[in-house]
Number of protein chains: 2
Amino acid sequence: MTTDTQWCRDLPVVVTGGVGFIGSNLALRLEAMGARVTVIDRLLTQYGANRYNLANPLNPDQGARRIELIEADIGDAEKIEQAVAGAGMIFNIAGQTSHMDSMQKPLEDMALNQIANIKFLDLVRAVNPGVRLVFSSTRQFYGPPRYLPVDEAHPIFPPDINGVHKYAAESYHMLYSRVYGMKISALRLTNVYGPRMRIKDAKQTFLGIWVRHAIQDTEFEVWGGDQRRDFSYVDDLVDALLATATADAAIGNVYNVGGFPSVTLLELAELLVKVGGSGRFLLKAFPEERKKIDIGDYYCDDSAFRAATGWEPRIDLAEGLARSIAYYRANGAHYL
Amino acid sequence: MTTDTQWCRDLPVVVTGGVGFIGSNLALRLEAMGARVTVIDRLLTQYGANRYNLANPLNPDQGARRIELIEADIGDAEKIEQAVAGAGMIFNIAGQTSHMDSMQKPLEDMALNQIANIKFLDLVRAVNPGVRLVFSSTRQFYGPPRYLPVDEAHPIFPPDINGVHKYAAESYHMLYSRVYGMKISALRLTNVYGPRMRIKDAKQTFLGIWVRHAIQDTEFEVWGGDQRRDFSYVDDLVDALLATATADAAIGNVYNVGGFPSVTLLELAELLVKVGGSGRFLLKAFPEERKKIDIGDYYCDDSAFRAATGWEPRIDLAEGLARSIAYYRANGAHYL
């Protein structure tokens with residue numbers, strides 16, 4: 001993994017979904033590294049878009065801000081064509097992640113997670129076919145793991161509508177890379193957490209709610225508790241995205257990205273309360289109506305990704321939770 | 001496999017895509033078995049809909065026709081709700097199969113093969129959630145086989161846009177079966193051929209074109225020639241669809257359906273010319289621009305399906321080709 005940041009100085013970089021959780025962390029990092037960042041975002045607040053995410057540059061001494069915002073759907077060619085055409089690198093992070101919403105409104109989920117992506121790819125292919133593009137995909141469509149850890153050859157078995165559409169979107173990306181020679185990679189993310197995640201509800205990650213209760217010193221619910229999961233701290237994930245974009249070996253490939261060894265949800269809850277010094281939790285049986293789309297234990301094998309890019313996670317769970325709590329203690333009002 | 005046909009006497013059965021190749025063969029069989037058949041079809045002639053497909057009942061002595069046609073998209077709830085609500089069995093066969101068209105017009109392929117299906121499923125779920133439903137899926141999204149024969153656990157790797165959308169449509173069906181308890185099965189079809197297939201062009205199957213040249217005593221092209229493929233004669237496939245619909249063990253499952261042992265395309269071409277006593281072929285190198293979305297050898301392991309239903313193919317390739325040629329010699333004018 002390159003630690004040299006000169007490669008992106010003054011590089012025009014497009015980040016879709018850049019007002020959301022992961023996108024904003026990436027956009028701020030790129031800005032701090034000297035890139036000229038254009039964020040494309042529909043500003044759907046219910047799915048994590050929050051203008052405050054971009055309010056505090058990582059390097060306040062740097063002077064003039066270099067993040068431009070285009071408020072548009074990534075499928076709206078007219079509004080975004082110029083930015084896409086001029087980009088030296090593209091991170092396609094936009095998407096909605098609520099599993100329950102996708103079951104209730106399949107067509108809306110399709111519009112956001114699938115149709116927008118094929119339109120976006122067609123635009124990139126038309127105006128900037130040689131650009132390096134990294135797509136943020138998800139481990140979600142593996143479904144209930146048939147073996148652990150889950151590697152990239154694991155069968156695809158979408159447990160909900162969101163998984164169907166995310167897999168279709170990833171398939172488009174890989175297909176365009178293979179058939180049209182576009183320089184595309186995809187990362188299948190697991191539970192990403194950290195500053196700028198949505199903490200108002202569980203539409204983005206259950207951990208958001210937990211952190212909210214920790215900082216408010218109130219009670220949250222742990223369902224089941226024995227499910228094992230792996231977590232990526234968002235700064236590590238940003239490292240992973242940047243490592244992918246700069247690794248030629250990653251072109252045309254899909255990789256799992258995880259982090260430190262998995263923990264049970266009960267261990268996670270205990271650690272959160274301990275690290276934060278506040279909050280408490282109630283251990284409950286897993287609700288019957290959610291069982292149907294739950295996936296049980298999940299943790300990934302990301303050795304292929306580490307081998308291809310040299311990436312390694314740096315922020316362990318205790319440190320990541322501490323940083324998250326510190327962020328929301330200071331900025332929580334903007335996320336409630 | 002049940003050979004008793006009494007189970008469907010007077011049963012209201014819906015066949016989507018019933019004016020097309022497979023759907024019409026199924027609708028005619030059901031009619032001959034005494035079912036009250038309603039066909040839902042958009043009548044898209046470029047994808048195989050041909051009113052002549054339903055012109056000749058299998059049993060002309062039977063008296064009044066029992067096939068009703070609703071000209072509608074399967075996503076058009078208003079037009080089809082009554083038929084769907086009253087159905088005792090549903091075969092969801094509608095779809096377009098052109099790989100090249102899907103690459104050129106991804107959104108049109110999505111509308112036909114994916115959006116229509118989620119709308120259809122939502123309607124079935126709303127008005128007839130307990131109905132037995134069989135979906136015709138495809139082996140196409142396995143992509144280039146990683147091992148042979150291909151079983152149902154083979155990785156999914158859509159080689160073109162059509163494959164992405166067909167897999168999404170199959171996933172919807174399996175998801176609705178699992179999450180909502182609907183009685184759905186899916187069959188992943190391989191190369192199906194026989195009377196009523198499209199022979200005007202290769203949008204449905206390359207074998208259609210070959211048969212056209214055989215009956216016209218003209219020259220067709222064989223690309224490559226050494227690719228192995230398996231074939232299902234359409235009457236056998238209709239048997240398979242009926243066997244699925246009457247096997248409780250098949251509910252919630254996806255199965256490959258093949259036929260007799262695979263042959264190379266060269267062997268197939270030779271057999272066709274020999275059986276038909278006409279036509280000739282030119283063996284050519286595989287065109288470069290098609291290689292990118294071609295899948296190479298393919299033949300399936302359908303032992304799970306045979307075990308679950310007792311189904312076996314009955315019409316071997318020589319007999320199936322002979323029957324196909326006889327059909328088009330008698331009826332070819334309606335297909336050119």
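The values are calculated or read from the model by the stated rules, or taken from the named source; none is laboratory data. Only a predicted model underlies this, so the values are computations on that prediction, with no experimental measurement involved. When we count neighbours, we look across all protein chains shown, and the Cβ atoms used for this are built from the backbone with ideal geometry, even at glycine.
For the stretch A:255-264, filtered to residues that are touching an Asp or Glu at 6+ places or on another chain (Cβ under 6 Å) and not in a loop (DSSP other than H, G, I, E, B), the residue that is surrounded by the most Cβ atoms within 10 Å (Cβ to Cβ) is A:V257.
Scanning the stretch A:174-189 for residues that are touching a Phe, Trp or Tyr at 6+ places or on another chain (Cβ under 9 Å) and either surrounded by 24 or more Cβ atoms within 10 Å (Cβ to Cβ) or modelled with pLDDT under 95 (or both) yields A:I184, A:S185, A:A186, A:L187, A:R188. Per the listing B:L268, B:L282, the residue uniquely in a strand (DSSP E or B) and either closer than 23 Å to B:H213 by Cα or without any contact (Cβ under 8 Å) to a residue 60 or more places away in the chain (or both) is B:L282. Taken together, A:N113, A:N59, A:N50 contain a single residue that is surrounded by fewer than 19 Cβ atoms within 10 Å (Cβ to Cβ), closer than 26 Å to A:P195 by Cα and not β-branched (V, I, T), which is A:N59.
Scanning the stretch A:137-151 for residues being out of contact with any strand residue (DSSP E or B) (no Cβ under 6 Å at 6 or more places or on another chain) and under 18 Å from A:G259 (Cβ atoms) gives a total of 3.
Whether a residue is within 23 Å of B:M182 (Cβ to Cβ), touching a helix residue (DSSP H, G or I) at 6+ places or on another chain (Cβ under 6 Å) and away from chain A (no Cβ under 14 Å) was assessed, and B:N113 does not pass this test. Applying the condition of being touching a Gly at 6+ places or on another chain (Cβ under 8 Å) and aromatic (F, W, Y) to the stretch A:15-54 and asking which residue is farthest from A:L112 (Cα to Cα) yields A:F21. Considered as a group, the residues in the stretch A:73-110 that are surrounded by 19 or more Cβ atoms within 10 Å (Cβ to Cβ) and among the polar types (S, T, N, Q) include one that is nearest to B:M103 (Cα to Cα), and that residue is A:N92. Look through the stretch A:193-219, keep the residues that are surrounded by 20 or more Cβ atoms within 10 Å (Cβ to Cβ) and more than 21 Å from the chain's Cα centre (by Cα), and return whichever of them is farthest from A:E288 (Cα to Cα). My answer is A:I215.
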